[in-house]
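J.: One structure is given below, represented as structure tokens, and several questions about it will come after.
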Amino acid sequence: MSLRRLFAVMRKEVLHIVRDPRNLFLVTVSPAFLLVLLSYVFSFEIKQFSLVVLDLDRTSLSRRYLASLTSNQDLNLTHTVTGYDAIDPLLLEGTVDVALVIPPGFAAEVRGGQAAQVQAIIDGTDPFAGSQAINLLSSLSAAFVAGTATTGPVMASQPVEVLTQAWYNAGLLSLHGMVPGLLAIVLIMPTLALALALTREKETGTLEGLMATPVLGFEYVVGKVAAYIITGQVSALLALLVAVLWFEVPFRGNLALYLLLAADYFLACMAAVVVVANYVKSQQTAMFIVLLVFIVPSFFLAGLITPVSTGSPFSVLTSYVLPSTHFVEISRVIFLKGLGLAQMVQPALILLGMGLVALALGLLSFKKRVG
Amino acid sequence: MFVRIWNVIIKELIQFARDRLLTGFILLAPVLQLLLMAQNVERGISEQPVAILDLDRSRLSRQLIVDLDNSDELQVQFYVDNYEQIHELLDGGDARLAVVIPAGFAERLLAVRQAAARQVQVQLFADGTNTMAASVTLSAAGNVLSRFSADLAVSSGLMVPEIIDFRTNIRFNPTMDIRDYTIPAQLGFIIYQVTLAVAALGLARERELGTLEQLMVTPLRHFELTLGKGLPAIAIGGLNFGVMWIISLTVFDTPMNGSPLLLIALSLLFITTQVGWGLVLSAISRTQQQAILFVFIQAMVDVAFSGFLVPVKNMPEALQMIARFVPLQHYLAILRSVMLKGAGLEELWRNAAALAILGIVMWGLGLRAVARQVD
């Protein structure tokens, strides 16, 4: 092995990246571009539910009850109907999320000290939204009850007071949680570029040309990966700038550590792609594999939206073999918690281990193909 | 004419079958993907690790801890002695929520009947890095605490119990099964990926390899070439849909409340629309690499606006407008409505019409783009 040849491959590869505008876009700018796009879509705040009401009581108390439910902005009274039959089509079309039925005799029962039944019909299609709606309605309803039915001093009617605090992200701004997490997904783009570059050399036949030179398989692969990791660092930096300047996400950690661990992440992803590229003949297939193996599962399994499921060993394993799972954690810890390497030893070492093992496998299988 | 289209179709299918790896990937990967994801979304956000700092250590505080542990969302895993340890557990991501029960908790609550009664403060600290998990755990703990509080108030005569008996009735997905919600969407999404990618690469590949010129000297007309390229992609997408649909019904017991025929018809409409767009992308790309880049960015945009991960209703108005032009968004709405709600064409005609219009526009653009590419 010679360092000179390794550097020659690296240099050639960097030139390839810099000279081809599309490739340059893919490796450097596209992560920042995708980050802007995805962040806007993913940073959803708590949803407003639209409500349809069937008030069969029509008393001042039932109106007061409704007014207290809709007094804040979370529930939005959009429809008032006069019969049960009108409720179902609205739910079926999805124009309302919740229907509330106040029975006849509601006020009389409440005044008489009996329990009045109020029925809420909830669209359960989306279980997340559905349970949110149930929680919201029952707490608003309980608040109304507490306001009208207290016999003692109002303060003491709720003996336990709850003080909540969200650490690291005080306002629970979803943008601040999502942007660092999404970095893990958008930083797969340089890996895609490498996958395409490796297969393109095969498809266009330039690999044969390279094999006729004294360059060894090792030098070829390592030189290529190194070139993409180095240019990938530019994309990591650009994406960071977008996160901090555009989205104003706090960056509490260390910049050098961020770049070091981004390189670690690139290594893990790119080494896996080297193995894959040894068996793949076309760019088309390479793209499919990167898309279906790295990118799409990352949205579900990497702990981006819901935390990594610890339900079964199988689901834990599938999440942990995805490099993005570890980088979602690393990125959030650096951005929001501002902690040092000591708190991230585990994900950092897992990524490094994955990278080195995959690179070794890639080199072994590569030699066979060339020789 | 039909013979010529047929010939192009056969040629496409032969080429497709020759690339073994790609064939295997397109036919098998979606199935694996469905199995894998269904496995993982099963539980949603449940049993999140909770740390407890109990400074009271009374019967009442232990009762509260049991109540917290009994909720589906929370699982008490750590008992700590001081605030310092809470910091460590939240920093390390080992616990997602910390609950601090103050000293004198039981004493003050039991004295609640007396005039000098004071409220007791329970503190909740959540790890806000994952906002969804944080709000779910906070609201779960908040609910447990307010129930606990209300029970105490009732038992000490401060409040009349159950003055409003609040009943909830959940429609369409009565058990609130997360799988039933996500699987139809995953089904749609996976079909989307495959169809678009197959369609998008066809022409760019011919152009790059120089075989497009050979096709140009044959008597093939533009629309025959376009159809010959598009129909196999539709067939592959349709096959994928069939396999995955059967898997989701049999393996995952996803409900099928609406008309299967309607679902099949609308799925074919969607696949056709999507293939049309793929043809446009492939006709305007000069190289495969460019086509791949287009498909990739297109896929990201479509996923973002599809309502797959984030309900469209939650988006700002301007983004909701954009979402109307994304076929995948209409198709996911159709899949969920037909399979879970049992909706028919009366409820879905808007989505169906949008798909049809988008389809016509895309095939029109596709034909023009192919004509320009070839000439």
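J.: If you check every pair at least six apart or on different chains, which have Cβ atoms under 9 Å apart with a residue in segment B:76-98 that is farther than 13 Å from B:Pro49 by Cα first and a residue that is among the polar types (S, T, N, Q) and surrounded by 14 or more Cβ atoms within 10 Å (Cβ to Cβ) second?
T.: Short answer, once both residue conditions are applied: B:Asp91/A:Gln343.
J.: I would also like to ask the following. Please enumerate the residues belonging to segment B:305-362 that are of a type in the set (Gly, Ala, Ser) and either assigned to a helix (DSSP H, G or I) or not assigned by TED's automatic domain parsing to the domain that holds B:Val280 (or both).
T.: B:Ala318, B:Ala323, B:Ala333, B:Ser337, B:Ala352, B:Ala353, B:Ala354, B:Ala356, B:Gly359, listed by residue number.
J.: Looking at (1) over 22 Å from A:Leu37 (Cβ atoms); (2) outside any helix (DSSP H, G or I), which is the only condition A:Phe218 fails?
T.: (2) is the only condition that A:Phe218 fails.
J.: Sticking with this structure for a sec: In this structure, does A:Pro190 turn out to be within 14 Å of chain B (Cβ to nearest Cβ) and under 24 Å from A:Val275 (Cα atoms)? Write out each step before concluding.
T.: On the way: within 14 Å of chain B (Cβ to nearest Cβ): yes; under 24 Å from A:Val275 (Cα atoms): yes.
Judged against the criteria, A:Pro190 is a match.
J.: For the condition in contact with a strand residue (DSSP E or B) (Cβ under 7 Å, 6 or more places away or on another chain), in contact (Cβ under 8 Å) with a residue 12 or more places away in the chain and either away from chain A (no Cβ under 11 Å) or in a loop (DSSP other than H, G, I, E, B) (or both), what is the one hit in B:Asp67, B:Asp56, B:Asp72?
T.: On the way: B:Asp67 fails: in contact with a strand residue (DSSP E or B) (Cβ under 7 Å, 6 or more places away or on another chain); B:Asp72 fails: in contact with a strand residue (DSSP E or B) (Cβ under 7 Å, 6 or more places away or on another chain).
Unique residue meeting the criteria: B:Asp56.
J.: Name the residue, out of B:Ile45, B:Ile26, B:Ile9, that is under 37 Å from the mean Cα position of the chain (by Cα), closer than 30 Å to B:Leu225 by Cβ and surrounded by 21 or more Cβ atoms within 10 Å (Cβ to Cβ). It would help to see each step written out before you state the result.
T.: Working: B:Ile45 fails: closer than 30 Å to B:Leu225 by Cβ; B:Ile9 fails: surrounded by 21 or more Cβ atoms within 10 Å (Cβ to Cβ).
Of the residues listed, the single one that is under 37 Å from the mean Cα position of the chain (by Cα), closer than 30 Å to B:Leu225 by Cβ and surrounded by 21 or more Cβ atoms within 10 Å (Cβ to Cβ) is B:Ile26.
J.: Take segment A:97-150 and flag every residue that is more than 22 Å from A:Val81 (Cα to Cα) and not in a helix (DSSP H, G or I).
T.: A:Gly112, A:Gly113, A:Gln114, A:Ala115, A:Thr125, A:Asp126, A:Thr150 - these are the residues of segment A:97-150 that are more than 22 Å from A:Val81 (Cα to Cα) and not in a helix (DSSP H, G or I).
J.: Exactly one of these conditions fails for B:Gln123: (1) modelled with pLDDT of 85 or more; (2) part of a loop (DSSP other than H, G, I, E, B). Give me its number.
T.: Among (1) modelled with pLDDT of 85 or more; (2) part of a loop (DSSP other than H, G, I, E, B), the lone unmet condition for B:Gln123 is (2).
J.: With under 21 Å from A:Tyr168 (Cβ atoms), buried (at least 18 other Cβ atoms within 10 Å of the Cβ) and touching a residue at least 40 places away in the same chain (Cβ under 8 Å) as the only criterion, which of A:Ala302, A:Ala277, A:Ala286 stands out?
T.: Within the list A:Ala302, A:Ala277, A:Ala286, the selection yields A:Ala302.
J.: Does B:Phe148 satisfy being modelled with pLDDT of 80 or more and either at the interface with another protein chain (Cβ under 7 Å from one of its Cβ atoms) or surrounded by 17 or more Cβ atoms within 10 Å (Cβ to Cβ) (or both)?
T.: yes
J.: Considering only residues that are surrounded by fewer than 21 Cβ atoms within 10 Å (Cβ to Cβ), touching a Leu at 6+ places or on another chain (Cβ under 9 Å) and not in a helix (DSSP H, G or I), look in segment A:82-96 and name the one that is farthest from the other protein chains (Cβ to nearest Cβ).
T.: A:Thr82
J.: Still on this structure, please answer the following. Filter segment B:235-281 down to the residues that are modelled with pLDDT under 90, of a type in the set (A, V, I, L, M) and surrounded by 20 or more Cβ atoms within 10 Å (Cβ to Cβ) and list them by number.
T.: Those that are modelled with pLDDT under 90, of a type in the set (A, V, I, L, M) and surrounded by 20 or more Cβ atoms within 10 Å (Cβ to Cβ): B:Ile236, B:Met244, B:Val275, B:Leu279, B:Val280, B:Leu281.
J.: Go through segment A:259-284 and report how many residues are aromatic (Phe, Trp, Tyr) and either at pLDDT below 95 or over 19 Å from A:Ser30 (Cβ atoms) (or both).
T.: Residues meeting the conditions: 1.
J.: Looking only at segment A:275-292, how many residues end up being in a helix (DSSP H, G or I) and at the interface with chain B (Cβ under 8 Å from one of its Cβ atoms)?
T.: Step one: of segment A:275-292, the residues in a helix (DSSP H, G or I) are A:275-279, A:283-292.
Add one more test, that the residue is at the interface with chain B (Cβ under 8 Å from one of its Cβ atoms), and what stays is A:279, A:283-285, A:287-289, A:291-292.
Qualifying residue count, segment A:275-292: 9.
J.: Ok, one more. In segment A:301-326, which residues are modelled with pLDDT of 80 or more, touching a helix residue (DSSP H, G or I) at 6+ places or on another chain (Cβ under 8 Å) and assigned to a helix (DSSP H, G or I)?
T.: The answer is A:Leu301, A:Thr318, A:Ser319, A:Tyr320, A:Pro323, A:Ser324, A:Thr325, A:His326.
J.: Answer yes or no: is there a residue in segment A:335-349 that is surrounded by fewer than 21 Cβ atoms within 10 Å (Cβ to Cβ), at the interface with chain B (Cβ under 10 Å from one of its Cβ atoms), among the hydrophobic types (A, V, I, L, M, F, W, C) and outside any helix (DSSP H, G or I).
T.: yes
J.: Pairs under 9 Å by beta carbon, first residue at the interface with another protein chain (Cβ under 8 Å from one of its Cβ atoms) and surrounded by 23 or more Cβ atoms within 10 Å (Cβ to Cβ) in segment B:165-191, partner in a helix (DSSP H, G or I) and at pLDDT below 70, six or more apart or different chains?
T.: Here the result reads B:Tyr181/B:Val41, each pair linking segment B:165-191 to a residue that is in a helix (DSSP H, G or I) and at pLDDT below 70.
J.: What are the residues in segment B:223-234 that are buried (at least 18 other Cβ atoms within 10 Å of the Cβ) and of a type outside the set (D, E, K, R), if any?
T.: Within segment B:223-234, the first condition is being buried (at least 18 other Cβ atoms within 10 Å of the Cβ), and the residues that meet it are B:224-234.
Matches in segment B:223-234: B:Leu225, B:Thr226, B:Leu227, B:Gly228, B:Gly230, B:Leu231, B:Pro232, B:Ala233, B:Ile234.
The values are calculated or read from the model by the stated rules, or taken from the named source; none is laboratory data. No experiment lies behind these values; they were computed from the predicted model shown. Cβ: placed from backbone, ideal geometry, glycine included. Neighbour counts: every protein chain shown.
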